[in-house]
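> Have a look at this one.
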Amino acid sequence: MNPLHPKKLLLSKWTALAPVNKEKHFIVIKVIEPEQPGEAVEWVDIDAVHSRQTRRIAWKTLRDETQWRQGWL
């Protein structure tokens, strides 16, 4: 997998390997900035393409190849 950096995640596309409620394809719509300047980014909001539901996840979970693939497959 290509290295991920939280600053490059905005509008990136992801495929869930275990879809729930037909939600398989997602797009990162927001990178949550930390409250304290200089701290690391921990959270992103992802939007399901099919249902338009948004959920917040830790951005590092996108690195787990058993759960997510980069791009829409």
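> Search segment 32-60 for residues being modelled with pLDDT of 95 or more and touching a Leu at 6+ places or on another chain (Cβ under 9 Å), and hand back the single one that is farthest from residue 15 (Cα to Cα).
44
> Given the structure, is residue 66 assigned to a loop (DSSP other than H, G, I, E, B) and of a type in the set (Ser, Thr, Tyr)?
Yes, satisfied.
> Filter segment 53-73 down to the residues that are of a type in the set (S, T, N, Q) and in contact (Cβ under 8 Å) with a residue 24 or more places away in the chain and list them by number.
Within segment 53-73, the first condition is being of a type in the set (S, T, N, Q), and the residues that meet it are 53-54, 61, 66-67, 70.
Once the filter is applied, which keeps residues that are of a type in the set (S, T, N, Q) and in contact (Cβ under 8 Å) with a residue 24 or more places away in the chain, segment 53-73 yields 53, 54, 66, 67, 70.
The values are calculated or read from the model by the stated rules, or taken from the named source; none is laboratory data. The model shown is predicted, which means the values in this text are computed figures rather than measured ones. Here the Cβ is made from the backbone with ideal geometry for all residues, glycine too, and neighbour counts use every protein chain on show.
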